[in-house]
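These notes concern the structure reproduced below.
The values are calculated or read from the model by the stated rules, or taken from the named source; none is laboratory data. No experiment lies behind these values; they were computed from the predicted model shown. Note: ideal-geometry Cβ built from the backbone for every residue, glycine included; neighbour counts use all protein chains shown. Each accessible area value is taken on the protein alone, full model and side chains, heavy atoms only, with ligands, DNA and RNA left out. Shrake-Rupley method; radii C 1.70, N 1.55, O 1.52, S 1.80 Å.
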Amino acid sequence: MKLLLLSPAPALAAPAAPLALASTLSLGQRAGRLLQQLHQGSPALAWAGWLHVGLALLAAALLFFDPRLLTGAPVWAKPLKFALADGLFCWTMAVLLLGLPAAARPAVAAIGWGVALSMMVETVIIFVQAGRGQPSHYNVSSALNAALFATMGIFILVNTLCSLWAVYVVWRYPLPGPAAYGWGVRLGLPLSVLGALVGGLMIRQLAHTVGAPDGGPGLPGLGWSTRAGDVRAAHFLGLHAVQALPLLGWALGRGVPASATVLTWLGAGLYLAAAAALLAQALAGQPLWRGR
């Protein structure tokens, strides 16, 4: 989950600017230009990303002052992870929708507001539940907990529908930049939607672990179970196709332009196969890495 994925966007998102001129800019100038373009192209997504940065800093600070544990992990670890992931998703969507033609701008604006609102609602509820010492997901132990979980589910559905709309838009309209980058966007977005749909399996069983209760030993930083299957591994890999495949296409377009498109499609196929293998492993009750 690195913000480095944003670095190529200035050259891609501003086709009117000469590439030679863009290449002479310092890293700070390129970052400044990108931020300006993000706020102009998708202001809702740009500001939502900044709000998530603030929430991530708040969660990181609270980790040092609040010693409580929730399902065996520090209570503010999950809000920190979701603030980083949801903020990154907002900025990623803003980058991927940059440079589309004028005919796509109304759709881009609507998608931006829908995604930004959905991510903010989800993250705020996770923070509220952490403050209450309650699990945010799969928690139906009271009327309030059930209502908060249902609200998250509604806005996750809104985000999924907006993501599907974005899939249509990027397949419907030409994308700026190298062809392989465009294919990375067109393939990464639908794979990310599939990754989101894996979350439905967790909602159905009101748990993310298969073969053991949620909680207990897990991989450092990630928390994925080391004693049973954990659907979150496939969910995570699928969701981040929206960053991995456009970045792959961009890198291949710069490194091996003659075969970049074919290799991007091959990379997308391997990525899908890896996510499917992780899901099959989890549903079989097998951990990604078995602890001692």
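Taking only C-alpha pairs under 8 Å that are 6+ residues apart, what is the relative contact order of region 45-180 in percent?
Values: 138 pairs, mean separation 37.3, N = 136.
Once divided by the residue count of region 45-180, the mean separation gives 27 percent.
Taking each pair of different alpha-carbon atoms in region 160-247 once, compute 1/r for the pair, average those values, and report the inverse of that mean as the Kirkwood hydrodynamic radius in Å to one decimal. Spell out each step's value before the answer.
Numbers: mean 1/r = 0.0697 Å⁻¹.
It works out to 14.4 Å.
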GNM on the chain, Cα springs under 10 Å; top mean-square fluctuation among Ser136, Ser118, Ser259 goes to Ser259
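Keeping all protein chains in place and using 1.4 angstrom, which order do Ile125, Ile203 fall into by accessible surface area, from largest down? Before the final figure, lay out the partial values.
Working: Ile125 15, Ile203 80 Å².
From most accessible down to least: Ile203, Ile125.
For the chain, list the DSSP H helices whose alpha carbon atoms reach 24 Å or more along the long axis and whose average Kyte-Doolittle value is -0.5 or above? Each step should come with its number before you reach the end.
Details: long enough: 43-65 (34 Å, 1.81); 77-96 (28 Å, 1.08); 105-132 (40 Å, 1.17); 143-172 (43 Å, 1.55); 179-205 (41 Å, 1.03); 260-283 (34 Å, 1.63).
Span-like helices in the chain: 43-65, 77-96, 105-132, 143-172, 179-205, 260-283.
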With all protein chains present, the chain has a carbon and sulfur share of its accessible area (1.4 Å probe) in percent of 72 percent
Whole-Å distance linking the alpha carbon centroid of region 145-177 with that of region 67-119 is 10 Å
Quick calc, Arg227 & Ala109: beta-carbon distance into FRET formula, R0 45 Å, rounding 0.05, result 0.45
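Using a 1.4 angstrom probe with every protein chain in place, what is the largest-first accessible-area order of Ser141, Ser26?
On the way: Ser141 90, Ser26 55 Å².
Descending accessible area places them as Ser141, Ser26.
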Per the C-alpha gyration tensor (a ≥ b ≥ c, the square roots of its eigenvalues), region 77-128 is rounded if a/c is under 1.5, else prolate if a/b beats b/c, else oblate; here it's oblate
From highest to lowest solvent-accessible area (probe 1.4 Å; ligands, DNA and RNA excluded), Met120, Met93 read Met120, Met93
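Semi-axes of the chain's equivalent ellipsoid from the Cα gyration tensor, sqrt of 5 times each eigenvalue, largest first, rounded to whole Å?
On the way: eigenvalues 223, 97, 62 Å².
Working from the Cα gyration tensor, I get semi-axes of 33, 22, 18 Å.
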Result for the chain: accessible area per residue, probe 1.4 angstrom, in square angstrom, of 48 Å²
Scattering profile of region 59-187 from the Debye formula, Cα beads only, expressed as log10 I(q)/I(0) at q = 0.11, 0.20, 0.22, 0.23 Å⁻¹, is -0.49, -1.05, -1.18, -1.26
